[in-house]
Amino acid sequence: MHHFTYRDGRLFAEDVSVEELVAAYGTPLYVYSAATLRRHFTAFDSAFAGLTHMTCFSVKANSNLCVLKLLGSLGAGMDIVSGGELYRALAAGIPAEKIVYSGVGKRPEEIRQALSAGILMFNVESMAELAAISRIADDTGVVAKVSLRINPDVDPKTHPYISTGMKKNKFGLDLRQSKEAYALARDLPAIEPVGMDCHIGSQLTTIEPFLEALDKILDFYEELKHMGLNIRYLDLGGGLGITYNEEEPPHPSEFGEALTRRLKGLPLTVILEPGRVIVGNAGILVFKVVYTKKTPSKSFVIVDAAMNDLVRPALYGSFHRIGEVVPQGREVIEVDVVGPICESSDFLARDRSLPEVEPGELLVAYSAGAYGFVMSSQYNSRCRAAEVLVDGGRAILARRRETYEDLVALECDCLE
């Protein structure tokens, strides 16, 4: 459910017309709905009310400070994967003790940054990382709380690029290595193993892979208890999917009920790391038709958004529903919606049935709140889009549109 609806034949974001937003901020334009963010977070978090838990939003899904602050005000913690995301989370006012640090390539300076901040724990991905955290924590005179990321070799049945819990993936340690790593962590100086971590993938449309992984993790939990380890946190990651096209992912309540049945009564605080399920359908990308073009084999709608603005279709072949901001009721034809970048992969939709449009008219890509702006770039020296957060009848400029001056601001004239 989201708050992008048509009124009298015009698209609104909550109580603000999208045309009004475009008039004020231009295109391409990311628009987020505060009411949708609140609804989605509350629906997810409340699904686990029967468990001691913490909902840590996955910052990589959408790292805009306005979004992070809004979620923080609802009680969200944060799951981060870089020093930059830690900086953003702290800047958004998220308490460090509600931040968990994931990711396979934490650099020494990032580890020091997180230790200095006092985060809840590191989700450790390798023996080498565990040794590095121990060394750095010992050097700085603090104890690092850690969880080891266990790779349970479970097929999440999602796109291979966003599968993370199979033995061929780069993430985590298998069960045998994990046992060795926990034994090492128990004996290392300045390390306190406090949790277990598992994340099997993104955009999952069934809970069965989650439950298969959980069964393996709980069996392993019994082994850790026999090793004398006091495990207090169970981080199950994120990955619950959303509807882009015809997917029918489970409601968070179904996931919550299943986890509660398996975990209720265990002395564990459950950590969830939702991202897409919170923000995916809380955002849209609005863009303008520049030209239309017909060839003997294809019809094209050329727009002012491109793969640098929304890379998911080019990268994953992902589907985003395309709609008109002001429907005109024209004949439906089959088109490719493409951008101006000099790549054949620069498309937002292929072979899509859409009403005929004319230059200057506005189109919208739905379900663009997750992995949209955060994955955008300045390729072809294109300025990145503005981001707007709509809250009722108020529009907040969450990030201004870049300028040409911004494109070169960090560069030097080497010939001076």
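Those strands (runs of 3 or more DSSP E) of region 1-90 in which at least 1 residues are in contact (Cβ under 8 Å) with a residue 12 or more places away in the chain and surrounded by 23 or more Cβ atoms within 10 Å (Cβ to Cβ), considering only elements entirely within it, cover 10-13, 29-33, 53-58, 77-80. Taken together, the residues in region 343-365 that are surrounded by 14 or more Cβ atoms within 10 Å (Cβ to Cβ) and part of a loop (DSSP other than H, G, I, E, B) amount to 5. Which members of region 396-414 meet the condition of being hydrophobic (A, V, I, L, M, F, W, C) and in contact (Cβ under 8 Å) with a residue 24 or more places away in the chain? Result: 396, 397, 398, 407. Just one residue in the set 77, 72, 84 is farther than 23 Å from residue 149 by Cα, not assigned by TED's automatic domain parsing to the domain that holds residue 146 and not hydrophobic (A, V, I, L, M, F, W, C); that residue is 72.
Each residue in region 311-342 was checked for being among the β-branched types (Val, Ile, Thr) and part of a loop (DSSP other than H, G, I, E, B), and 4 of them qualify. Scanning region 367-378 turns up no residue that is outside the structural domain of residue 242 (by TED's automatic domain parsing), touching a residue at least 24 places away in the same chain (Cβ under 8 Å) and over 24 Å from the mean Cα position of the chain (by Cα).
Among the residues that make up region 245-267, is at least one of them modelled with pLDDT under 95, farther than 17 Å from residue 369 by Cβ and within 16 Å of the chain's Cα centre (by Cα)? No; the residues of region 245-267 include none that is modelled with pLDDT under 95, farther than 17 Å from residue 369 by Cβ and within 16 Å of the chain's Cα centre (by Cα).
Residue 308 falls short on exactly one of the conditions (1) assigned to a loop (DSSP other than H, G, I, E, B); (2) closer than 24 Å to residue 240 by Cα, and that condition is (2). The number of residues in region 305-335 that are over 23 Å from residue 22 (Cα atoms) and out of contact with any His (no Cβ under 9 Å at 6 or more places or on another chain) comes to 8. Of all residues in region 91-121, which are of a type in the set (Gly, Ala, Ser), touching a Leu at 6+ places or on another chain (Cβ under 8 Å) and not in a helix (DSSP H, G or I)? Within region 91-121, just 92 meets the criteria.
Comparison of 316, 291 shows that the only residue that is farther than 18 Å from residue 388 by Cα and at pLDDT below 95 is 316. Checking every residue in region 143-158 against the condition of being more than 20 Å from residue 77 (Cα to Cα) and at pLDDT 95 or above gives at least one match.
The values are calculated or read from the model by the stated rules, or taken from the named source; none is laboratory data. Quantities reported herein were computed from a predicted structural model and do not represent experimental measurements. Don't worry about glycine lacking a Cβ; one is built from the backbone with ideal geometry, like all the others, and counts go over all protein chains shown.
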